[in-house]
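The block underneath contains the structure these notes are about, expressed in structure tokens.
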Amino acid sequence: MTPNPYRGTTIVFATMHGKDALARSAFRTVLDATVITPAGIDTDQFGTFAGDIPRTLSPLDAARAKARLGVAATGVPTSLASEGSFTTELGWTTRQTEHLLFLDQDRGIEVTESHSTTFPVAPGRHITTTAQALSHATTIGFPEQGLIIHSRDGARIITHKNLRTRDDLTLAIDHLLSENLAVSVMPDYRAHRSPARAAVIATLCARMAQRLGTPCPGCRAPGYGRVKVIPGLPCGLCGTPTHIPTADLHACTTCDTTHTHPRTPTTADPQWCDTCNP
């Protein structure tokens, strides 16, 4: 049997927000690997949620750039990095999409695990009084869930990110409102200030560790696993393909080996059919 090349190795997690702690248990359990993070690494250079540093890359490209930075900062050829994006839907819910990327620079291997879900924290809102800010902070879940105060003075973006108490929040809001500036209170999506996001990243880390521990049935290269969800599960009433997944495509990171794994059940409820329920 070909030994797994990552067993017992060191893997760097390119993060400045504590994501390495979310990966350590799974990587130790599955691969006996040690996850580290380089001191002083600046992943904020690729953009921030607060907008004070623009995000110019796609989420996957940002994760890839972070992983490469981790390799460059440490000399360790294997690196993890994650990137999340948050979009408001219908004005009151938020969709989180998270990508976790693994890079093996020496072998030319790149593996991605992704997840999209409804984020269980209220979105940001504009406020005009300190009382409104304190009320929305409670709705967001502050202080366990961090928050960011966002304002703008002409072209200058003003942010307060590391608030820990309601007194900190009150002082910052009072000052901005006294300057007659428009103010928004929004969740802090950074992993170390967002328990809900951290939980998603931890789940992806567990999936990534399992995947890196899975060899290709063809060439035995590591990282074999799901690369695509195939939609089109037929309606159980009329047979029309729906958007519900019908199968998963698994593939190798190195060779051309692929397998399609059908899902169960084999038909979709007619409520998801555009023909039966237009």
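Among the residues making up the range 2-16, those that are part of a loop (DSSP other than H, G, I, E, B) and out of contact with any Phe, Trp or Tyr (no Cβ under 9 Å at 6 or more places or on another chain) are 2, 3, 4, 5, 7, 8, 9, 14, 15, 16. Of all residues in the range 47-99, exactly one satisfies the criterion of being exposed (fewer than 15 other Cβ atoms within 10 Å of the Cβ) and either assigned by TED's automatic domain parsing to the domain that holds residue 161 or of a type in the set (Phe, Trp, Tyr) (or both), namely 92. Only residues that are touching a Phe, Trp or Tyr at 6+ places or on another chain (Cβ under 8 Å) and surrounded by fewer than 16 Cβ atoms within 10 Å (Cβ to Cβ) were counted across the range 240-249, and they come to 1. Which of the residues belonging to the range 198-231 are more than 14 Å from residue 110 (Cα to Cα), more than 17 Å from the chain's Cα centre (by Cα) and among the aliphatic types (A, V, I, L, M)? Selection gives 229, 230.
Please state which one of 115, 136 is touching a Leu at 6+ places or on another chain (Cβ under 9 Å), more than 14 Å from residue 11 (Cβ to Cβ) and assigned by TED's automatic domain parsing to the domain that holds residue 162.
Values: 115 fails: assigned by TED's automatic domain parsing to the domain that holds residue 162.
Every option except 136 fails the conditions.
Can you name the residue in the range 1-16 that is over 15 Å from the mean Cα position of the chain (by Cα) and of a type outside the set (S, T, N, Q) and, of all such residues, is nearest to residue 38 (Cα to Cα)? Result: 12.
Go over the candidates 125, 156 one by one and state the one that is over 21 Å from residue 91 (Cα atoms), of a type outside the set (Ser, Thr, Tyr) and either touching a helix residue (DSSP H, G or I) at 6+ places or on another chain (Cβ under 7 Å) or not assigned by TED's automatic domain parsing to the domain that holds residue 94 (or both). From the options 125, 156, the qualifying one is 156. One residue stands out among those in the range 17-46 that are surrounded by fewer than 18 Cβ atoms within 10 Å (Cβ to Cβ) and assigned to a loop (DSSP other than H, G, I, E, B): the one that is nearest to the chain's Cα centre (by Cα), which is 18.
Residue-level analysis places residue 252 among those that are at pLDDT 95 or above, surrounded by 15 or more Cβ atoms within 10 Å (Cβ to Cβ) and farther than 18 Å from residue 116 by Cβ. Condition (residue is within 14 Å of residue 197 (Cβ to Cβ) and surrounded by 16 or more Cβ atoms within 10 Å (Cβ to Cβ)) applied to the range 102-113: is it met by at least one residue? Checking the range 102-113: not a single residue is within 14 Å of residue 197 (Cβ to Cβ) and surrounded by 16 or more Cβ atoms within 10 Å (Cβ to Cβ).
The values are calculated or read from the model by the stated rules, or taken from the named source; none is laboratory data. Just so it is clear, the model here is predicted, and its values are computed rather than measured. Cβ sites come from the backbone with ideal geometry, for glycine too, and all protein chains shown count toward neighbours.
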